[in-house]
Structures are given as C-alpha cells and as structure tokens.
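Below is one structure, written out as structure tokens; comments come after it.
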Amino acid sequence: METAPAKAKPQGRLLVSTPLDAKDELEERLERCAGIVQSLTNGMSEREANDALTANVCKGPQQHEEVCLGLFTLVLTEATQAQRCYRDLTLLNRDGMNVILVKINQILMEKFLKLQDVPRTQLVWLVRELVKSGVIGADGVVMTLLKQIAGGDISSKNMWLAENVLDILLDQKEWVLKSGMLIAMSVYTYLRLIVDHGTPNLLPLRQKEVDFCISMLREKFIECVIIGRDLVRLLQNVARIPEMELLWRDLLHNPQVLSPQFTGVLQLLTARTSRKFLACRLTPDMETKLLFMTSRVRFGQQKRYQDWFQKQYLSTAESQSLRCDLIRYICGVVHPSNEVLSSDILPRWAIIGWLLTTCTSNVAASNAKLALFYDWLFFNPEKDSIMNIEPAILVMHHSMKPHPAITATLLDFMCRIIPHFFPPLESQVRQGVCNSLTFIMEKRVLAHLAPLFDNPKLDRELRSMLRERFPEFCSAPSPPTEVKMEENVSLEMDKDEGCYDNTEAAFSDDEEEINNKGKKREFRFHPIKEAVMEEPADMTPWLDQLDETMKEKVLQLQKSSDTEAQCEVMQEIVELILEEDFDTEQMSALASCLAELFKDHFRGDVLPEEITEESLEESVCKPVCLIFRNLVTMQEDNSGLSVLLEMLAELYQKQPKIGYHLLYYLKASKAANGKMVLYEMFAQATALGDLHTCLMMDMKACQEDDIRLLCYLTPSIYSEFPDQTLRSGELLNMIVAVIDSTQLQELMCHVMMGNLVMFRKDSVLNILIQSLDWETFEQYSTWQLFLAHSIPLETIIPILQHLKYKEHPEALSCLLLQLRREKPSEEMVKMVLSRPCHPEDHFTTSILRHWASKYDDTLGEHIKAQLIKNNNQPRKRQSLRSSSSKLAQLTLEQILEHMDNLRLSLSNTKNNFFSQTPILQALQHVQASCDEAHKMRFSDLFALAEEYEESQSKPPKSRRKAPASSPRSRKGPAPPTNNEEESASSSASEEEDSKPKAPKRKRKGSSAVGSDSD
C-alpha cells in the first residue's frame, strides 16, 4: 500500500516533478553541490567542519562556488540546519553573497512555481536573513520576490507570500528606506493588491498593507513620485478606505503636506509610468506567456493560447482585477518592432479586445477601459510614445464591423472621461485626448478618424456627442477613402459578414455592457479565416540589370539554404565586385538583391544569448558579414576598399540596419580588432556623408531593434568616437530611455572599470542641462552614470541655476545627495546661496544645515566672504561676471534670507554655527550699511551681531553669564546655541535693497524696536 505512492514521489527535494519529467539541470547541480558539502563535513564537529569548508574554499573560485551553492541548497532543503548553514555561508562567502543572489533570482524567475513547499518557505526565510544582514543587492531580490505575488489571486499560497514579504518590509523598515526604487516598487505592488483583499478573512492582511502604504507615502512621498501617473490610478481604486481617503484628499487639495517638492496631482499625471512598474504586476510566468503570444502566435491561431491563459489566470471572480494589469502591460511594455507589426503575428489590439470582451464585471470593465485610455488623458507627444495609445484606437477601428458595440462603448467612455475624470483638470484631459488623436493621424496609425467617429453603425446620440467633443476629427475626407494603417499590415479582419454583429450599436453608459440578447459570444473576437503571408519580393527586375556571371551567383545564393554554402557564394560575389572590369552601374540592383536575400538575417537577433569568444565569432559568420570581412583585410590604399564601401553605401539605402551590423562586426570579430576607423570611412561613403549623423541614425535603429545590442556596443562607440558621442545628449537619451536597472548597473560597472567614458568635463554640464526635460527614470539613470565617473562636482554645480524646485525634482535630489558627501568650496556655497528663496524650496536650507553640522568653520568662512563681497557691490544690479555661470546673480538679500532660514532650522538644536566669529563679523559688517527695511526684516539675524558687538566692549566677567541669556535679552555677549524664536517666518516680501546707510550707533538704538515688532 505504501510502495505505490513512493514511486510517484519526485526524485529531487527542490522541485515538484513527475516520474515522466527529465531531471532539472539546476536542481541536479544544486544537489551535487550539497553532496560535496556533506561529504566534506560528515562526522565532524562544527569547528572541524568549518575548517574543512574554509580549506576547500581557498582552493579556487570553483570550489568557492560549489561550497556556497551547497550551503544554499541545504538552507532550502534542511529547515532544521538552516540557521547553522546560513552562518557558515556568511563566514565562508567571499563575493558579497553575489553567487547566492544570482541563484535566488534565477529560481524566482524560472523555477518558483515548481518549488516544493519546504524550499519555498525556506527561500523566503533566506531572503529575510539576507535583508537583516544588509547584504548589498538584497533589494533586487526582494523586488523579484514582489513580482511573484500575483494580482487577482487570493489562493492560500499567494496570500502567504504576500504577507511574508510584507512582514520583511515592515520588520526591516529602516533598510527599506535606503532604497528609493524598492520603496516605490513595494508601494506600487501593495496598493494594487489591496483591491483584491476585501473579503472578511483577508481584512487583517489588508489593514497591514494599508498601514504600510500610508507610512511609505507619508514619509517618502517624493520617492514614490517616480511611479508616475499610475500611482494616481492605484490610489483612486483604494480611495474609499478611510485611511486612504485622508491621503487622497491631501493628494488633491493639500499636496505640500506630502512633500514640499510635490506641486499637485498634475505633476504625477503628466509623468509616464516606467515599464518597470507596469511589468512588476505580472508574474514571470504571465509575462512569458503574454510575450509569447505577441511575438510568436499567428493572428487567427490564438484561441488555444487565450483559452489556456484564461483557464490559468482569469477563471475566478477575483481575477477580474488582473485585466487592468494586463492591459497596462500590453500598452506600456509590449512595443513590437516594425517587422512584427507588418507580419501576421497576433496584434496587441486583438489581445486587448479579447480581455475586454471576457469581462464579466461592470466595475472591472470600467477599470479595464480606464487602463486602456489612461495614457491618452495627459498625452504629450514630446514625452509619451505612440505605442502607448495605438492599441485603443486600433481596438475601436477593428471592432467596428464584427463588434460595433465594443467600439461604441469605448468611444462613449472616451467622451465621458473628459469631464468626469477630475473636473478641475477637464481642460488638460481634453487637451491630452486631442493630442492623442492628432498624433495618431500624424503617425498615420489611422489616415482619418471620420469613418470611425461618424460611422452609421453607431448610435445617433453617440455620433452627436463625438461631433460636439471632437469637431476637428469628424470631417469626412473627400472622396471617402478606406482607413489604412501606417504599417502595411498584411492581415485583414474576417470577411465573413455572418460572424459580425450587424445590428446598430446602441449608446451605452460608462459601466454598462451592451448585451441585448444576453449572449456573451456576440462580443468575442472571431479569428480570421486566412492570413496573407508575406510574399518574397520579385527580384527579376533587379536580376535583369546584372551581367550573366553576377546574375548566376545571385541566383545560386538565393537557392542555397546552408549558411556555409551561402558564405562561399557571397565571397565569390565580393571577388566579382573587386574585379577591375566590374560595372559599378550594377551596384544598386545588386544591393537590392542582397537586401532582399538577407532580410531574415536583419530581422533576427544579432547578439548571442550567452556572450563568449566562440559565440561572438559564430555570430559574425553570416553571408552578409563577408563584405565586412573583406573590408577589414584590405589596406587603406587598396582601390577595392572604395568599391566595397560604395557597395555598402548602396546596401545602406536599401537596408538601414546594415550600419549597426557593421558596428557590431567591428567590435565582435577578432579579425576586426582596432579597425573601427572603417565605420567612419563607411559613414563618409554613404549619402549622409557625416559620421555624427550616420552614427546617431544607426544607434537609433539599434535601440528600436535590440536593446541588448545597444548596451553591448555602447562602450566601444563612446571610446572610438569620443568627439561624436561625449557631446551628444541625443545618444545618451537613446540609451537611458530603454535600458533597465540591470543594464544600467552594467554600464556603471564599465565606467568604474575604465572601459567606458560617457562624460567629460567640457561637455557634461550641457548634457545634464539637456536631460532636465527627460522622463524621470531617464534622468535618474543619467545621474547614476554621471556619479560613476570621477568628475569633480564643481564642474556641474552651475546647473543649480537652471533647476526649479517644482520642475526638476530628479536633478535636485541627486545633486543634494552628492553635495552631502562633499566638503563645501567657495563656488559650491555661492551657487547654493544663489538659488531663489521660496517657502516650499528647502534645498538650500537642507544642504547648509548639513554643512553647518560637519564643516561649520569652512562654511562660516565662505558665507562671510559672500556676505562681504555682495555687501560691497552696487545694489542696483549684481555683476553678471560669475566665475562659473552668467546665471549666478547672487544678491545680498538672497544670502540673508537663506541665512535666516538656516537660523530657524537650527533654532532647536545644539548647533553653534551662528556663534562663530566670521559669521558674526560678517553680519555686523552688513548691518552697518543696511537700510532700515532690511534691518526690520532680518532683525533676529542682526540681533546675533549686536550681541557679538556688545560682547567686544564688556569686561570678561559678563562673558561668563552669556550662556544663560536669550538672544533678545541683549545682556549676553555671545549668541546662545538655542534660539528661542516665536516666529517661523522671516522672509515675506521681495523688497529691493536701498542705498542709505545708517550710522553704526544709530543702529543700536533702532534694533530694539525691530526686535520688539517682530
């Protein structure tokens, strides 16, 4: 009875498997490493075992990795030994736990769903221990763990994971607060999960999630601002929870309570949400399946995949909320290349249409529509992508014939969302929707909107509303033309009218689905009967222009299917080109033939998945690379070089991707080492004729096609073409606009290892100023890359004059953290003081306060110098001849305002910054020549100078009593450490300094009046 189940048990102790499953390679390796550790320590005491393991680790990197992975495996499989194994792991590990972190991430991304119960529990325990130990990189593991918490799933396993990860975040709050990205990611995750946890048995968990989110949003709101507009969407969904309602009201009506740098909800709504956040709400398995459907499944063959996905993830009532996550992911993350768009691969709009038509809840349907149109509401063509708004318009366009009710309800929603989304911002929402529609027409996603907006299948009242809201888009073209896509999409909707709903679509309310007949099938998307496959182009016209020998070789190349044979034929073609009697008039026709024959090569991935010397050499052994190889082997004075370059230039006109393929060959091929100058010669041979323009176009094409390849090429591009790259904000923006955190970290490592230089002193300031208009994540990435360089901060400190506290929080926060690490120089202090004073801008006060606590003597001398220097200058206009920037117009009034703010900030501390002689002397100097208005305005500040002045004229005995006196008593000679201020505001007006100077003695008599009035 007991033997039968034993046979069915999985062989391994990590992963769930059946007798039919092959042994998992990762599991096998981990168990082998665990066996090594056990064989080394069997029968030994703890001390002896530790010594044995230490000796083995010292033998080399392989042994180190085996022991670490063995202990890691024992932690996962032997719960009773976990504490001891983890202790040994911390003692023996020599790479900062990197090998463990990599393996945990691999298991989380690839094997988590297959883990047995004990390893799953132990894995979360291990993550908790890594966090407790403050291991560098543990935040990345926690973010990967957060990704495994599925939305729309209240199963016991998922709830266990959600609660345990939340407990880690709550228990280690101080550690969490050190990582801005982890704060934002965890807030985004749990704000989304709160919606699913409304059942009575989950209310305790929901309360913990609410408390956590409110705590983070209240304490670290500015870190959460990087989420962008989707933060508002998530908060809107939970705003009826009492605690959240208070936060929601502050967000709308009292934003400064959340952060002085936060200007209001519009700041969030105009910021596009980074792909990271949209992707984090899909588990790795969901993401893999969705990406498979949008890149491999043909349109018309998707039903089985959709049915599987629905059964797996969308079959329960609570899973309705997952549809919003899927739609936001498809719109914001899945951006197919032009090749995919023009192929018969399942388009994004069809998947979204399927998700909409399978909604069974009115609330879920309404939220799904909002998710679809969310990027429309505040769309800015300069910052947002056409790919984010394209699916919505295409769903409406393609649904008009088979499902007019879907089109009707989406158009209805689009009209109603404008006044109802947030009435105070109605004009901005209207402008955003109009911007979206205009951009859709400019990019030729649809040639005209009139056939959609004024279609007879729509209800008359809806058409009337559309004409009223969007009159500029409702004028029909003359003569009427069929709507066409920008890309030549080689697929059409089903021509069988029998599958369409031909009844007139009725007008619908926001949350109401049209279902007069009560049949959900009427709203399903029907697969097409046939998809038009892309036919190979007819090369006959081009072949006819070639001579017989060349024509024969091209046909031979066309017939060959073997890569080696194609390479041989291609070499023969190159040799024909290099012959002296080759007719160059054939060049264009030959280029057209080669572009057609090699189009599959240009579509595929160039960079191998695993980068090794062998894989790189193999990747450049393709027929098209034969032209590159011959270029490399030629001498510069060879006449054939110019012929091949001309050939490449012709090919470049037919296939622009040839440019970055050449760059890749010159970097990847050993034979091309040191030959990057050939790309410069190629650029000059093209019709562009300019290296910079050619390089930017090629890198842009590479960015659109292959981000990994872009990152791979970046170090060599910057090192080989410094004059074109180091001054180019355009290239840097291309990179930071698409990289993820892993790729950013790799680039930073390249910088710190000396393999990559992306900034230099003479151009870095200009590039950072350009970056101020970029997206939030792009700006943070740019600053991270800058900080990886060893460029003195004084080089870029003049950027402070360009930064406005409401518009540039990213740059200000990065600069603030960097200034915090620096000892203040005269130039730094000058630039910090030259920032305009504003009650909501605490930048200057915060950095001055920090410097005052660490470098009080240095700061005091610099401030004294600035006070005296600006006091001696003419009042009417400050000199524009700043040592760093023409924008640095520092005025005496600004310095005094900042000093007064600093005084108030230090008033309840033991800091004695304002008791320093240089500061008091400078204030005394300014007081002597200051007009009465400023004496009144800064009376508390000047009171410190008066006490100092009196102390100089009194006998030493009176000095001993100074600590007991208050700043207003005028009885003590030295200023006390704690200022007992009754007013927290001393800078209200923007009056200009006046010329009259009061005598020193007269000031003594009037100062008391000024103090009393205050």
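I need the peptides 554-565, 89-100, 589-600 ranked by packing, meaning the mean over residues of other C-beta atoms within 10 angstrom, with the highest value on top.
In descending order of packing, they fall as 589-600, 89-100, 554-565.
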Open item on the list: Taking θ = phi - 60°, what integer Hz values does the Karplus form 6.51 cos²θ - 1.76 cosθ + 1.60 yield along region 781-798, in sequence order, with x for Gly and Pro?
Closed with: 5, 4, 5, 4, 5, 5, 5, 6, 7, 9, 8, x, 5, 4, 4, 10, 4, x
Task: Dipole of region 130-248 [Lys/Arg +1, Asp/Glu -1 at C-beta], most positive-end residue of Y188, L130, G228 - done: G228
Open item on the list: Under a crude label model (7 Å from the Cα following the beta-carbon direction), how far is Q558 from E65 in nanometres?
Closed with: 4.9
Task: Test item: Cα-centred dipole of region 134-194, Lys/Arg +1 and Asp/Glu -1 on Cβ, debye - done: 160
Open item on the list: Can you work out the Karplus-derived ³J(HN,Hα) for every residue in region 901-915? Use 6.51 cos²θ - 1.76 cosθ + 1.60 with θ = phi - 60°, whole Hz, and x for glycine or proline.
Closed with: 4, 5, 4, 5, 5, 8, 4, 9, 10, 8, 5, 10, 4, 7, 9
Open item on the list: Amide H of Q148 versus every other amide H placed in the peptide plane: which residues, excluding those fewer than 5 positions away on the same chain, fall under 5 Å?
Closed with: none
TODO: Starting with the highest mean, order 284-294, 367-377 by the number of other Cβ atoms within 10 Å, averaged over the residues of each peptide.
DONE: 367-377, 284-294
TODO: Quote to one decimal, in nm, the extra length available between K599 and Q818 on full extension: 0.36 nm per residue of separation minus the C-alpha distance between them.
DONE: 74.0 nm
Open item on the list: To the nearest 20 Debye, how big is the dipole of region 314-449 about its Cα centre, given +1 on the beta carbon of each Lys and Arg and -1 on that of each Asp and Glu?
Closed with: 220
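Using only the Cα atoms of region 263-412, build the gyration tensor, take square roots of its eigenvalues as a ≥ b ≥ c, and label the shape rounded, prolate or oblate: rounded if a/c is under 1.5, else prolate if a/b is larger than b/c, else oblate. It would help to have the intermediate numbers written out before the result.
Values: a/c = 1.30, a/b = 1.26, b/c = 1.04.
Since a/c stays below 1.5, the shape of region 263-412 is classed as rounded.
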Task: Computed E for K178/V16 - FRET, C-beta separation, R0 30 angstrom, nearest 0.05 - done: 0.25
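I need the shape label for region 268-345. Rule: rounded when a/c is under 1.5, else prolate if a/b > b/c, else oblate, with a, b, c from the alpha carbon gyration tensor. Before the final figure, lay out each step's value.
Numbers: a/c = 2.26, a/b = 1.09, b/c = 2.08.
Oblate, since a/c reaches 1.5 and b/c is not below a/b.
Once you charge only the Cβ atoms, +1 for Lys and Arg and -1 for Asp and Glu, what is the size of the charge dipole of region 752-809 about its Cα centre, to the nearest 20 debye? Spell out each step's value before the answer.
On the way: 4 positive and 6 negative charges, 27 e Å.
About 120 debye.
Using 0.36 nm per residue, how much length does the chain from S588 to E48 gain when fully extended, once their Cα-Cα distance is taken away?
Working: separation 540, 0.36 × 540 = 194.40 nm, distance 7.62 nm.
Length gained between S588 and E48: 186.8 nm.
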Open item on the list: Using the basic label-point model (7 angstrom from Cα toward the beta carbon), what is the A79 to E932 distance in nanometres?
Closed with: 8.3
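How would you order 187-200, 785-798 from highest to lowest mean count of nearby Cβ atoms within 10 Å?
Answer by packing, highest mean first, reads 187-200, 785-798.
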- [ ] Would you mind checking which residues have amide H under 5 Å from A447's amide H? H placed 1.01 Å from N; only 5 or more apart, or other chain.
- [x] K484
Open item on the list: Check which residues have an amide H placed less than 5 Å from I345's amide H, if you skip close sequence neighbours.
Closed with: F299
- [ ] Mind checking which of H750, Q784, T795 is farthest towards the positive end of region 688-833's charge dipole, using Cβ charges of +1 (Lys, Arg) and -1 (Asp, Glu) about the Cα centre?
- [x] T795
- [ ] Starting from region 601-698, pick out the GluC sites (Glu not before Pro) whose DSSP state is loop and whose Cβ has at most 12 other Cβ atoms within 10 Å.
- [x] E609, E610, E636
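Expressed as a whole percentage, what fraction of the accessible surface of region 198-266 belongs to carbon and sulfur atoms when a 1.4 Å probe is rolled over the protein heavy atoms?
The C+S portion of the solvent-accessible surface of region 198-266 is 54 percent.
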TODO: Evaluate E = 1/(1 + (r/R0)^6) for I36 and S133, where r is the Cβ-Cβ distance and R0 equals 25 Å; express this FRET efficiency to the nearest 0.05.
DONE: 0.55
Task: Of A671, L688, G729, farthest towards positive along the dipole that unit charges on Lys, Arg, Asp, Glu beta carbons give region 662-734 - done: A671
Open item on the list: Give me the one-decimal nm value for the distance between modelled label points at E794 and D454, 7 Å along each residue's Cα-to-Cβ direction.
Closed with: 6.8
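Under the 0.36 nm per residue contour assumption, what length would be gained going from the current alpha-carbon distance of D762 and R249 to full extension? Mind showing how you got there, number by number?
On the way: separation 513, 0.36 × 513 = 184.68 nm, distance 4.70 nm.
Working it through step by step, the gained length comes to 180.0 nm.
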Task: Theoretical FRET efficiency, 1/(1+(r/R0)^6), r = Cβ-Cβ of N912 and R218, R0 35 Å, to 0.05 - done: 0.60
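The values are calculated or read from the model by the stated rules, or taken from the named source; none is laboratory data. Since this is a predicted model, take the numbers as computed values, not measurements. Heads up, the Cβs are rebuilt from the backbone with ideal geometry, glycines too, and the neighbour counts pull from every protein chain shown. These accessible areas exclude ligands, DNA and RNA; they are computed on the full protein's heavy atoms, side chains included. Shrake-Rupley method; radii C 1.70, N 1.55, O 1.52, S 1.80 Å.
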